[in-house]
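These notes concern the structure reproduced below.
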Amino acid sequence: MADQTVTRGDVEQARDEPHAAHQEGHEPHHVPGSHEPGSFWSRYVFSQDHKVIALQYSITALLMGGLGMALSWMLRLQLGFPGSFEVVHPANYYQALTQHGMIMIVYTLTALLLGGFGNYLIPLMLGARDMAYPFLNMASYWVYFISVVVLLVGFAVPGGPSGAGWTLYPPLSVLPNASPGTEWGIRFMLLSLALFIASATMGGLNYVTTVLQLRTRGMTLMRMPLTVWGIFLAAIMTLLAFPALFVGAVMLLLDSAAGTSFFIPRVALFGEQLAREGGNPLLWQHLFWYFGHPEVYVVILPVMGIVSDLVSTHSRKPIFGYRMMVWSLITIAVLSFVVWAHHMYTSGMNPYFGFFFTISTLVIAIPSAIKTYNWLLTLWRGNLQLTVPMLFAIGFISTFAIGGLTGLFLGNALIDAPLHDTYFVVGHFHLVMGVSALMGLFGGIYHWFPKVTGRMLNATLGKIHFWASFVGAYAIFTPMLFLGFAGVPRRYYAFDLYQFIPPSADTVNVFISVATWVVGAAQILFAANLAWSAFRGPRAERNPWKSAGLEWQTPTTPPPHGNWGAELPEVHRWPYDYSLFDEGDDYLPQTVPAGPVAASTPSIHDGAQKGGHGAG
Amino acid sequence: MARRRADTELAEKALPVRLRAALRLGEWRAPGGGNGWRNGRDGRRDSGVGGFGSQALPVPTSQLALWLLLATVTMAFSMMVTAYVVRSGLPDWQSFPKPRILWLNTGLLVLSSAALERAKRSVELGDAKRLRPSLMAGGILGALFVLGQLAAWRLMSQSGLTLQANPSTSFFYLLTAVHGAHVLGGLVAWVRTWRTARGRGYTSDDHLGLDLCAVYWHFLLLVWLVLFALIGLA
């Protein structure tokens with residue numbers, strides 16, 4: 001490529017003609033223009049277009065999130081005002097608790113981040129026309145949908161859904177009358193999980209092969225945006241971690257329905273010796289957590305990638321230390337497979353296991369910390385645009401840092417001993433998963449909404465949504481950390497029988513409950529914003545955030561079927577070329593040909609001396 | 001309308017100008033001449049559009065997808081095998097005599113793999129005559145394997161070695177069931193391969209589907225040999 005100074009004209013040309021002429025060298029999955037599906041059913045229901053599938057996943061997952069939130073309100077009714085509401089009694093309290101956890105982690109966060117964000121963004125960010133296997137992609141959504149139906153049917157079966165906690169520990173989860181839902185609920189839950197795992201495997205295969213094989217010309221792995229890296233690595237983890245839960249679920253289902261004893265030891269239930277023997281509950285814990293720990297990183301890795309892209313775009317700065325960010329993601333992904341037993345410190349296993357897993361758990365904090373420093377260094381002296389996505393991204397950094405620090409307490413086997421199964425744990429995992437993952441996710445929704453719909457979400461409502469969620473989430477979960485220090489146990493219906501729990505805990509619980517409903521109202525506001533703006537929101541420019549990412553370079557917005565029109569784009573640079581010029585647009589999209597950039601415009605210092613850099 | 005347009009403008013700065021200047025926000029400048037990143041703006045260091053990393057891996061995509069699937073399946077069997085090995089080492093493990101038909105079934109699976117390998121080789125050598133009989137034999141032998149496993153189950157449960165009898169039998173049924181389910185999945189793939197062979201046909205240049213079917217088959221044979229050895233030793 002000849003040395004050419006990239007001029008303003010080149011930039012404008014690249015913007016007007018978003019992709020250079022280029023032959024499709026990859027497997028042509030879509031001949032442009034000839035793949036238009038026909039009927040309503042094939043366009044909107046059984047579509048093989050990754051964008052439609054992504055929306056299907058997202059809408060289903062957000063609806064499930066609403067259900068999970070409603071279940072949490074039931075819990076807060078009881079915890080804030082014990083015994084005051086007849087609708088909540090001990091049995092359905094545990095069912096609400098169990099279903100809230102399982103729905104939020106699996107059916108909302110995992111599905112939305114991998115199925116929603118992954119499906120929508122991967123082909124667009126890589127310059128591909130669609131996923132590697134569009135039919136498999138469609139099938140993966142419908143299997144997910146069926147898994148949701150099976151889960152919801154489990155709410156209505158005799159005995160109701162399982163109330164054994166989202167971790168479904170045997171023998172309580174399967175012995176008759178030992179916990180709610182042991183009759184049918186647990187079986188429907190396990191069947192639903194097995195279906196979800198099948199769907200996630202299909203999806204994971206698609207994402208990994210697409211990232212490896214369908215990148216457009218010039219898109220090297222180290223030119224991919226960090227969003228793609230996060231989702232790519234999460235997909236690999238999915239393929240390797242979910243089988244453990246699948247195996248465990250099959251075994252637990254047999255214990256529940258077929259009288260086997262994989263997990264059931266010699267046990268007496270309500271004073272009666274059962275005929276079962278020979279199993280070990282610890283086996284379930286190992287299998288579950290071998291899945292469970294990578295699962296939480298499957299949730300957070302895409303969010304970390306998304307936040308990196310949000311922070312850089314809205315600071316007008318490249319992400320600080322891109323290479324380290326990639327390696328940190330890889331390190332976290334690998335290490336997440338050797339920390340699982342930090343969920344089992346108090347299970348009675350050999351203390352030397354605690355020693356090993358404490359070390360590995362503390363080590364995994366290192367790449368997470370590196371990423372946090374890099375986000376902060378990206379913000380440092382950046383040209384900060386405090387848009388709604390940026391607010392959520394900064395909110396993520398804050399809550400992830402605090403929540404992550406509380407994880408260091410729990411990661412130490414010794415300190416975990418008094419904190420395990422207390423509200424400290426509940427505060428910790430909600431801060432990192434329920435708050436910071438949601439912050440990053442919401443930021444991503446506000447950021448890419450104009451791409452998906454061609455309209456902007458209302459920014460005023462967005463700011464209300466942010467501040468209510470941010471302040472409210474701290475109001476909800478920080479007190480829980482202190483409740484945990486005081487020894488208040490988790491998964492308890494009521495605390496009135498315990499003298500060591502002071503009455504102030506009840507006051508705190510009232511406060512938390514009220515805060516929960518305020519935050520909940522903000523989410524409803526967000527849902528209304530989403531629904532209204534999708535159809536009536538103000539039309540957005542093609543690239544309202546002036547992002548350098550490839551996904552903003554499609555010929556139309558929303559992108560057409562096949563994404564790129566006649567020619568695939570050709571990539572010449574990474575997606576973080578910001579703050580390059582002082583006038584007009586200050587960025588270079590990935591498709592602009594490479595060449596030394598002319599530093600021909602006045603520096604920002606001159607602008608400041610002349611009375612302030614543009615107030616906008 | 002004017003207010004809404006402001007939403008879309010990037011210059012939506014929430015901080016007053018003097019505060020921004022005091023915090024020296026926006027002062028970061030992109031370093032001229034490239035910032036050291038090879039994929040940055042400096043054209044001299046642009047790696048262009050070729051080279052390692054900018055292209056797909058040098059394997060067919062469906063082969064990559066199959067290897068990823070095999071990784072997932074390997075994890076599942078590894079979990080079960082680990083649980084089985086640990087459990088079988090405990091003092092209360094009650095071993096039981098394994099039905100002799102398992103040896104026959106193993107033989108059937110070996111022959112089935114051999115037949116598919118033969119089918120693959122015949123296409124590579126351009127010998128279309130041997131393709132169809134070998135391919136058919138592979139599928140039939142695989143189906144016979146599944147039937148043989150079901151027969152083994154029948155024999156065992158008739159002699160009181162049911163699924164629920166003790167952990168030893170439970171693990172046996174679990175391992176053989178999961179493996180058998182994967183063989184059934186392989187038979188689905190075999191049906192598609194058969195239909196392709198009969199339809200557009202495989203040539204020495206174009207036989208990827210047949211290759212992948214054979215790879216999957218051999219994988220399941222390998223898994224079975226490991227399971228069979230462990231079951232026999234336990």
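List of remarks:
- Filtering the range A:366-386 to residues that are of a type in the set (Lys, Arg) and assigned to a helix (DSSP H, G or I) leaves only A:Lys371.
- Boolean, A:Gly181 is touching a residue at least 40 places away in the same chain (Cβ under 8 Å), under 28 Å from B:Thr61 (Cα atoms) and of a type outside the set (D, E, K, R): no
A quick yes/no check of all residues on (1) small (Gly, Ala, Ser); (2) within 27 Å of B:Thr74 (Cβ to Cβ); (3) outside any helix (DSSP H, G or I); (4) in contact with a helix residue (DSSP H, G or I) (Cβ under 7 Å, 6 or more places away or on another chain):
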{"residue": "B:Phe145", "(1), (2), (3), (4)": "no, yes, no, yes"}
{"residue": "B:Ala165", "(1), (2), (3), (4)": "yes, no, yes, no"}
{"residue": "B:Val178", "(1), (2), (3), (4)": "no, yes, no, yes"}
{"residue": "B:Gly186", "(1), (2), (3), (4)": "yes, yes, no, yes"}
{"residue": "B:Trp190", "(1), (2), (3), (4)": "no, yes, no, yes"}
{"residue": "B:Ala197", "(1), (2), (3), (4)": "yes, no, no, yes"}
{"residue": "B:Tyr202", "(1), (2), (3), (4)": "no, no, yes, yes"}
{"residue": "B:Asp205", "(1), (2), (3), (4)": "no, no, yes, no"}
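Residue-by-condition table, conditions (1) at pLDDT 95 or above; (2) of a type in the set (Gly, Ala, Ser):
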| site | (1), (2) |
| --- | --- |
| A:Ala468 | yes, yes |
| A:Gly484 | yes, yes |
| A:Val488 | yes, no |
| A:Ala494 | no, yes |
| A:Thr507 | yes, no |
| A:Val519 | yes, no |
| A:Ala522 | yes, yes |
| A:Leu530 | yes, no |
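- Residue within the range A:333-354 that is closer than 28 Å to A:Leu379 by Cα, assigned to a helix (DSSP H, G or I), touching a Lys or Arg at 6+ places or on another chain (Cβ under 9 Å) and not hydroxyl-bearing (Ser, Thr, Tyr) present: no
- When the range B:84-138 is filtered for residues that are over 19 Å from B:Trp153 (Cα atoms), touching a residue at least 24 places away in the same chain (Cβ under 8 Å), within 14 Å of chain A (Cβ to nearest Cβ) and not aromatic (Phe, Trp, Tyr), the ones remaining, listed by number, are B:Val85, B:Arg87, B:Ser88.
- Residues that are surrounded by fewer than 18 Cβ atoms within 10 Å (Cβ to Cβ) and part of a helix (DSSP H, G or I) were ranked within the range B:150-163; the one that is farthest from the chain's Cα centre (by Cα) is B:Gln158.
- Here is the figure for the range A:264-287: residues that are among the aliphatic types (A, V, I, L, M) and in contact with a helix residue (DSSP H, G or I) (Cβ under 7 Å, 6 or more places away or on another chain) total 3.
- Selection of first residues in the range B:21-32 that are more than 13 Å from A:Lys317 (Cβ to Cβ) and within 7 Å of chain A (Cβ to nearest Cβ) and of second residues that are assigned to a loop (DSSP other than H, G, I, E, B) and modelled with pLDDT of 70 or more, restricted to Cβ pairs under 8 Å at least 6 apart or on distinct chains, gives the following pairs, ordered by first then second residue: B:Arg24/A:Arg381.
To keep it simple, each residue is scored yes or no on (1) touching a Ser or Thr at 6+ places or on another chain (Cβ under 8 Å); (2) more than 9 Å from chain B (Cβ to nearest Cβ).
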site	(1), (2)
A:Thr182	yes, yes
A:Ile186	yes, yes
A:Tyr207	no, yes
A:Val211	no, yes
A:Met222	no, no
A:Ala235	no, yes
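- Of everything listed in (1) within 30 Å of A:Ser179 (Cβ to Cβ); (2) assigned to a helix (DSSP H, G or I), the single unmet condition for A:Val88 is (2).
- A:Trp327 being hydrophobic (A, V, I, L, M, F, W, C), buried (at least 16 other Cβ atoms within 10 Å of the Cβ) and part of a helix (DSSP H, G or I): no
- Of all residues in the range A:223-258, those that are aliphatic (A, V, I, L, M), over 19 Å from B:Val81 (Cβ atoms), part of a helix (DSSP H, G or I) and within 24 Å of the chain's Cα centre (by Cα) total 8.
- Here A:Ser256 meets each of (1) at pLDDT 95 or above; (2) more than 13 Å from every other protein chain (Cβ to nearest Cβ) with one exception, condition (2).
- Going through (1) over 26 Å from A:Thr60 (Cα atoms); (2) surrounded by 20 or more Cβ atoms within 10 Å (Cβ to Cβ) one by one, A:Gly163 falls short only on (1).
- Once the range A:146-180 is narrowed to residues that are among the aliphatic types (A, V, I, L, M) and out of contact with any Ser or Thr (no Cβ under 7 Å at 6 or more places or on another chain), the residue that is modelled with the lowest pLDDT is A:Ala178.
- In the range A:540-596, the residues that are farther than 28 Å from A:Leu386 by Cβ and within 13 Å of chain B (Cβ to nearest Cβ): A:Leu568, A:Pro569, A:Glu570, A:Val571, A:His572, A:Thr591, A:Pro593, A:Ala594, A:Gly595, A:Pro596
- Filter pass, A:Glu567 being closer than 30 Å to A:Leu63 by Cβ, of a type in the set (Asp, Glu) and either in a loop (DSSP other than H, G, I, E, B) or in contact (Cβ under 8 Å) with a residue 24 or more places away in the chain (or both): no
- For A:Val514: the one exception among (1) buried (at least 16 other Cβ atoms within 10 Å of the Cβ); (2) over 30 Å from A:Arg381 (Cβ atoms); (3) of a type in the set (Val, Ile, Thr): (1)
- For the range A:547-556, a tally of residues being buried (at least 20 other Cβ atoms within 10 Å of the Cβ) and not in a helix (DSSP H, G or I) returns 4.
- For the range A:375-414, a residue qualifies if it is within 14 Å of chain B (Cβ to nearest Cβ) and over 20 Å from the mean Cα position of the chain (by Cα), and the qualifying residues are A:Leu376, A:Leu377, A:Thr378, A:Leu379, A:Trp380, A:Arg381, A:Gly382, A:Asn383, A:Leu384, A:Gln385, A:Leu386, A:Thr387.
- When the range A:259-287 is limited to residues that are away from every other protein chain (no Cβ under 11 Å) and not in a loop (DSSP other than H, G, I, E, B), the one that is nearest to the chain's Cα centre (by Cα) turns out to be A:Gln285.
- Lone unmet requirement of (1) within 20 Å of B:Leu221 (Cβ to Cβ); (2) in a loop (DSSP other than H, G, I, E, B) for B:Trp93: (1)
- Answer from B:Val146, B:Val215 - the residue that is touching a residue at least 24 places away in the same chain (Cβ under 8 Å), on the phi < 0 side of the Ramachandran plot and within 17 Å of the chain's Cα centre (by Cα): B:Val215
- Failed criterion for A:Trp448 (all others in (1) away from chain B (no Cβ under 14 Å); (2) farther than 30 Å from A:Thr554 by Cα hold): (2)
- Matching residues, the range A:557-570, being under 28 Å from the mean Cα position of the chain (by Cα) and of a type outside the set (Gly, Ala, Ser): A:Thr557, A:Pro558, A:Pro559, A:Pro560, A:His561, A:Asn563, A:Trp564
The values are calculated or read from the model by the stated rules, or taken from the named source; none is laboratory data. None of the values given here were measured: they were computed from a predicted structure. Every residue, glycine as well, gets a Cβ built from its backbone with ideal geometry; the counts of neighbours run over all protein chains shown.
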